Amino acid sequence: MSNGVSTSTDKIIVDRTRAHRRKPVSKAVRATRERLQYSAQGSNVFDREMLFQHVRTVLQSALITPVVIILVTMVGYAINHDSGLLSWGLLTLAMHALNLVLARRVARADFNAQQALRWRKWLLAGQIGLGFCWALFAFQRCDACGSTDGFYFYKVAVLLVAISITAMTSFMLRQAALFAFIPTVLTLLMIAIITKSTLDFALTAMVATALVLFYYISNRLYQSNLSLMSYQSEKDDLIAELEVANSMSDEARRRAEEANLAKSRFLASMSHELRTPLNAILGFSEVMNSEVLGPLANPTYKEYAGDIHRSGEHLLNLINEILDLSRIEAGRYDLNEEALSLLEIAEDCIGMVQLRARGKNITIQQQFEPDMPQVWVDEKSMRQVLLNLLSNAVKFTSQGGDVMVKVGWTAGGGQYVSIKDNGPGIPEEEIPVVLSAFGQGSIAIKSAEQGTGLGLPIVQAILAKHDGQFILKSKLREGTEVIAILPATRVLQSLPAVEDAPPIERRRKSFA
């Protein structure tokens, strides 16, 4: 058990050492849920994040638009020598500066999702104001250019560049490019209708087509960023939920560890408190049943003394099995390993259950491999394994049955003990129940010799401590076979004696 676990046995106590972790996690989950529950429409959920990204993009590209405006003004003045173009340049720079001031104010503002709509309208109005400046540029004409078409190409290039810059820097502000340049397209269309010039109609068509194209591109970028934000939000929600689940599992684990500690303390105390009076009960009942101090006047008393002794032995065995299983689960079951013969342990265990088997007229047959080497095991544990398996075989085998005990080699070089009976067997669906703690099959429940249901779990745990394996095979009305397997690493192979080596001549030290 880790040092960080509280030693208190009260399972209702909350671990306050993790409060600093639970509070921010709960706050994050609550914030994300409120954000997702604010609006049923997917795009409105991220209005605040979209505005922040738009403002960040505008501030990062703040120098692009002024440079373009200055270049447009200088080139236009060089072509047309019209001072009105200079006034337009100053007006456009002033409008761009107002947009930057508004963007900085939005960046510093702390607003919620409801206030985001108002800020979005202000930013969109700023882009429309800048679009009117480009509409004023569309009114520019060059009377001094004569019949040359250079000024038309200049206007087309400037408007296409302006549309592309606006679309790329304002795609997070949905429909900004469209609303900003609709006045420009209307202005060009009005000029074309008035002049009825083919070039003006061509210029209007090119600008309108470019506006539709760049609006489509900016809308696709907007949808892509919206999808990325949605995935990011789902990931954050999942992380937050996992953090909460992790915190809850830590709390549940702490309570389980404290409950396990309470159980261990209870078993440790009850072990002493129950065994002491049980030893007295067993001793006195045996003395009374044996009539050591004199005969009992009533033979019924002697029968009662025998019943008391058998009941006390059953209760003592139950306590021992529960304590053994608890020590194994707690990792406090220590093995005192030594080199032993599996054949000798099996013969001793068969002799211990032989008397009980003869009482039921059960024949125990042996089939042992000769000359098997010793194994490195704990003698007490292996005896308990074989006694549990043999006792179950004798217990559930009917009168006149047979039990076969085999000891031999496994294919991997290990050793095994197989105990097979011809009893009633176990239904296939009840095998997992039988192998669980306190689990009993239907036949065991109906049997007159019911047990505690801890024998097989203890056998599995002991074999696992020895790096071994336990296999149970059974068919209804055909019998049961249990196999305890020890790995090859537990088998002690005998090595040939080492021949005496010739003595090594001592080197003589030399000094310079």
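The values are calculated or read from the model by the stated rules, or taken from the named source; none is laboratory data. Since this is a predicted model, take the numbers as computed values, not measurements. No Cβ is skipped: glycine too gets one built from the backbone with ideal geometry, and neighbour counts run over all protein chains shown. Areas reflect the complete protein model, heavy atoms only, side chains present, ligands, DNA and RNA absent. Shrake-Rupley method; radii C 1.70, N 1.55, O 1.52, S 1.80 Å.
Post the alpha-carbon centroid distance, the stretch 305-326 to the stretch 106-131, in whole angstrom. Value for the Cα centre distance between the two parts: 81 Å. Taking all protein chains as shown and a probe of 1.4 angstrom, residue 241 keeps an accessible surface of around 80 Å².
Between the amide H of residue 454 and those of 438, distances stay under 5 Å, these residues lying 5 or more places away or on another chain, with hydrogens modeled in the peptide plane. Sorting 231, 333 by solvent-accessible area of protein heavy atoms yields 231, 333, largest first, with a 1.4 Å probe.
If R₀ is 30 angstrom, what is the calculated FRET efficiency for the pair residue 157 and residue 228, using the beta carbon separation as r and rounding to 0.05?
Details: r = 33 Å, r/R0 = 1.11.
According to the calculation, E is roughly 0.35.
How much accessible area per residue does the stretch 283-381 have, in Å², with a 1.4 Å probe? Walk me through the numbers before you get to the answer.
Working: 6280 Å² over 99 residues.
Per-residue accessible area for the stretch 283-381 comes out at 63 Å².
When the convex hull of its Cα atoms is viewed from all sides, the stretch 200-316 shows a mean projected area of 13.2 nm². Figure legend: label point modelled 7 angstrom from the Cα of residue 141 along Cα→Cβ; residues of the stretch 177-196 with amide N under 15 Å from it are 187-196.
Each label point was placed 7 Å from the Cα along the Cα-to-Cβ direction; for residue 195 and residue 318 their separation is 10.8 nm.
A straight chain from residue 492 to residue 202 at 0.36 nm per residue would run longer than the Cα-Cα distance by 94.6 nm. Backbone phi angles across the stretch 387-399, fed through the Karplus curve with coefficients 6.51, -1.76 and 1.60 (θ = phi - 60°), yield HN-Hα couplings of 5, 4, 5, 5, 4, 5, 4, 5, 5, 9, 8, 6, 4 Hz in residue order; Gly and Pro are listed as x. With θ taken as phi - 60° and the Karplus curve 6.51 cos²θ - 1.76 cosθ + 1.60 applied, the whole-hertz 3J(HN,Hα) list for the stretch 157-162 is 4, 5, 5, 5, 5, 5 Hz, x standing for glycine and proline.
Taken over the Cα atoms of the stretch 344-383, the convex hull encloses 66 Å³ per residue.
The residue 61 and residue 245 beta-carbon pair, evaluated with R₀ = 56 Å, returns a calculated FRET efficiency of approximately 0.85. Annotation: amide H of residue 174 has no partner in the under-5 Å range at sequence separation 5 or more or interchain, hydrogens built in the peptide plane. The phi torsions of the stretch 185-191, fed into the Karplus equation with coefficients 6.51, -1.76 and 1.60 and a -60° offset, translate into couplings of 5, 5, 5, 5, 5, 5, 4 Hz, rounded to whole numbers, with Gly and Pro shown as x. Taking the centroid of alpha carbons for each part, the stretch 48-97 and the stretch 340-388 are 98 Å apart. At full extension, residue 402 and residue 335 could sit 20.8 nm farther apart than now, given 0.36 nm per residue minus the alpha carbon distance. For residue 302, the accessible surface of its heavy atoms amounts to roughly 80 Å² (probe 1.4 Å, protein chains only, rounded to the nearest 10). By a 1.4 Å probe calculation restricted to protein chains, residue 215 has an accessible surface near 60 Å², given to the nearest 10. Here is the tail figure for the stretch 287-349: Cα pairs spaced more than 12 Å apart come to 79 percent of all pairs.
Heavy-atom accessible area, probed at 1.4 angstrom with all protein chains present, ranks 81, 314 as 81, 314, highest first.
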